[in-house]
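Every number in this text was worked out from the coordinates using simple rules, so none of it is lab data. Just so you know, these numbers come straight off a predicted model, no measurement behind them. Here the Cβ positions follow ideal geometry from the backbone for every residue, glycine too, while neighbour counts run over all protein chains shown.
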Amino acid sequence: MKDIVVSTLTIVLLVFVLSLQLLSGGGESPAPIPAEQVRTLAAALDSQGLHKQAVAEFRRYLDIARIPPQQRANILYHIGTTYLDQLEDYENALAAFIELSHLYPTSPVTRDAEKRMIKCYEGMRRGFDAQKKLRQLTDLEPDAEPQGEGPVVAQIGDRKITLDQIERDLEQKGEYYQKNFATPEKKLEYLKTMIFTDLLADAARRKEYNRDAEIRRQVRNFEKEILAAKVYNEEVRQKIETKPDDLELYYKAHQSEFVESKTVTVAHIQVDSQERAAEVKKALDEGMAFDEAAAQYSMDARTKNNGGMLGAVQGGRNFIPGVGQSPDLAAKLLALEKDAISEPLQSPNGYHLFRALEIKPEKQLSLQEARPRVEALVNQMKEQALQKELLERMMQAEKVNIFDDVLKRELPSTTQPSSPAGDL
């Protein structure tokens with residue numbers, strides 16, 4: 001409160017002094033007002049929130065004062081920031097910053113003034129100029145990425161997007177994207193997504209989100225992963241050499257792993273009670289066709305008009321299509337003979353009568369039949385060996401030390417202490 005009273009008195013006294021100076025001259029021209037008094041008045045007006053009047057006085061001060069260039073630059077910067085932050089007058093703020101940039105290009109405040117021009121352009125809805133200014137400040141070339149040779153399909157300001165860039169972008173994202181964005185209509189859809197992403201990224205840079213510590217950390221981590229993957233491919237994956245003899249040796253040593261399990265293709269009739277299942281079983285035993293019984297009695301709307309077809313039950317998987325996981329039920333179905341009909345069997349869905357439509361016995365796969373899987377396993381084994389060798393070599397070369405004792409000391413143990421006998 002005391003500061004407000006003092007500032008108000010200062011303004012009143014300054015106005016009074018200026019009035020006396022005007023009156024004392026009589027018919028003569030008024031005496032020049034000392035520049036320092038004008039500066040003090042401007043500062044007092046500013047402190048009272050009279051920013052528009054303060055800017056006018058700071059301008060008058062610049063017109064009459066003989067001050068060093070750096071001080072003039074600082075006042076221009078203050079005028080610009082007042083227009084921008086206090087008055088939200090983007091045009092006058094921009095004018096002040098441009099004046100500062102042109103008249104005092106080497107001033108320490110000029111760089112920040114040029115950054116604030118971006119906010120002025122944004123406030124004036126001149127996004128293109130804002131992006132252009134950002135590129136000037138960051139030396140960011142929009143076409144730093146190699147431009148494709150194909151036709152230009154879009155343009156963002158002076159930045160061009162070619163058909164080749166779309167194809168390259170899709171290729172980097174993998175086969176799924178290439179297949180799903182193959183048609184002209186889908187490529188147009190993807191192009192709009194690319195443009196939207198670019199515009200959002202441009203807006204983020206203008207807001208200087210790229211200077212945010214957390215975002216920069218994430219970018220560094222992402223860059224680190226890409227670089228690490230590049231070296232890993234060169235030092236590990238590209239050095240994997242698998243010969244036919246390697247596949248044959250592995251196959252012979254692990255032949256029991258390459259067995260095709262027995263499968264039974266089944267159909268079913270589902271009812272709501274054991275009694276109902278017994279009635280249907282009796283009808284089947286008396287000669288009723290399974291397809292006919294399924295259509296007449298089954299509660300499974302998905303299969304009743306298709307002969308009750310469920311699908312294959314495979315040994316070792318314990319999964320029955322349309323029913324779910326059930327080791328006991330799977331074992332009983334795998335034991336059925338071809339065309340045999342089971343006794344009523346219970347599941348969470350109700351009671352079932354199953355029929356074995358087709359049986360494929362267990363089969364030992366030949367090397368040729370198992371080759372894709374054998375090759376994948378051999379490559380995986382060799383990759384792990386090369387990875388271990390590379391890690392050990394790099395850790396030794398870089399003098400890496402892992403302080404596992406610190407980890408054990410600082411992190412709580414996950415093992416629970418055994419209970420004393422007296423607690424039982």
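Numbers for the structure displayed
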| read-out | value |
| --- | --- |
| Listed values [x] 40.9, 134; [y] 21.6, 67; [z] 23.0, 67, entry calculated as Rg and Dmax of the Cα atoms in Å | [x] |
| Set of lysines near residue 160 by C-alpha distance (under 20 Å), chain-local residues within fewer than 8 positions excluded | 132, 133, 186, 187, 192 |
| Computed helical MRE - 222 nm, the chain, DSSP H runs ≥ 4 contributing -39500 (n - 2.57), nearest 500 | -18500 deg cm²/dmol |
| Given charges at Cβ of Lys, Arg, Asp, Glu: the chain dipole, positive-most of 136, 342, 34 | 34 |
| Nearest 10 degrees, 0 to 90: helix 2-24 Cα axis against the chain principal axis | 40 |
| Protection-proxy order for peptides 190-200, 302-312, each taking the mean of Cβ atoms within 10 Å per residue, highest first | 302-312, 190-200 |
| Using alpha-carbon coordinates, inclination of helix 51-64 to the longest axis of the chain, degrees | 50 |
| Using alpha-carbon coordinates, inclination of helix 110-123 to the longest axis of the chain, degrees | 70 |
